[in-house]
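Working notes for the structure below.
Here, each number is a calculation from the coordinates, and none is a lab measurement. These numbers were taken from a predicted model, which means no experiment stands behind them. Positions of Cβ are backbone-derived with ideal geometry, glycine not excepted, and every protein chain shown enters the neighbour counts.
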């Protein structure tokens, strides 16, 4: 399968700060997704973004398929943004990146 | 909210027992896959069902088995539970085989004592 790498692995922010999470993949991916796993374990769909840019409130995602990467931008972070962010793609099973663990401090 | 529901949300079992976890897929989805996520780790693929047939399996022993019903809901059965089976079990549904957007349930947290 296509390898998916995420960076940074860990991120600590003060509430109100902005951040950018990155997802690199080793080959073309047609159905990239971003998830937020909250402290209770639930994987929340953030974006289905094979290419282009999408925005949802304080979150903005961009996928540049030709360059094999995707970015998730979080603005004005809140403590509820804490958790693990996964990117990945689905092809007969879901291939997850290694995740970025975000801790937003009050 | 995705429309994929899992039950129960939590349970505690004793080593050696058997457990059944359930997943109702989102309406219109015919593919369900299951994942095990140990604490602090990423999810690991267990198996996938497409139209009631097992369609792929990860590196899990045969005591992990599954079933998909005509309404595309699914069960994960684990026999002879071991302490290392303690984990969050996630199910995902998607509207087709191959490349398709995946939607995850809220998970079942299994503790084996």
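In nm, give the distance between the simple-model label positions of residue B:80 and residue A:101, each being 7 Å from the Cα along the Cα-to-Cβ direction.
Inter-label distance under the simple model: 3.3 nm.
Apply 1/(1 + (r/R0)^6) to the Cβ-Cβ distance of residue A:60 and residue A:38, taking R0 = 30 Å, and write down the FRET efficiency to the nearest 0.05.
0.95
Calculate the mean, over all residues of peptide B:34-40, of how many other protein chain Cβ atoms lie within 10 angstrom of the residue's Cβ.
Mean shielding count: 2.
Show me A:88-101, B:74-87 ranked by packing, highest mean number of other Cβ atoms within 10 Å first.
The peptides rank, most packed first, as A:88-101, B:74-87.
Starting from the Cα of residue B:63, step 7 Å along the direction of its Cβ; do the same at residue A:27; then give the gap between the two resulting points in nm.
Reported label-point gap for residue B:63 and residue A:27 is 3.6 nm.
Given the convex hull over the Cα atoms of chain A, what projected area results after averaging over all orientations, in nm²?
Its Cα hull, projected and averaged over all orientations, spans 6.0 nm².
Could you work out the mean count of beta carbons from other protein chains within 10 Å of each residue's beta carbon in B:42-54?
For peptide B:42-54, the averaged partner shielding equals 2.
State the Cα centre-to-centre distance between segment B:43-88 and segment A:59-106 in whole Å.
Each part reduced to its Cα centre gives a spacing of 27 Å.
Among B:42-52, A:72-82, B:7-17, what's the highest-first ranking by average C-beta atoms within 10 angstrom per residue?
B:42-52, A:72-82, B:7-17
If each Cα of chain B is one equal point scatterer, what is log10 of I(q)/I(0) from the Debye formula at q = 0.16, 0.17, 0.18 Å⁻¹?
For chain B at q = 0.16, 0.17, 0.18 Å⁻¹, log10 I(q)/I(0) is -0.65, -0.74, -0.83.
Using only C-alpha positions, report the orientation-averaged shadow area of the convex hull of the protein assembly as shown, nm², one decimal.
Mean shadow area of the hull around the Cα atoms is 11.6 nm².
Counting only other chains, what is the mean number of Cβ atoms within 10 angstrom of the Cβ of each residue in peptide A:85-91?
3
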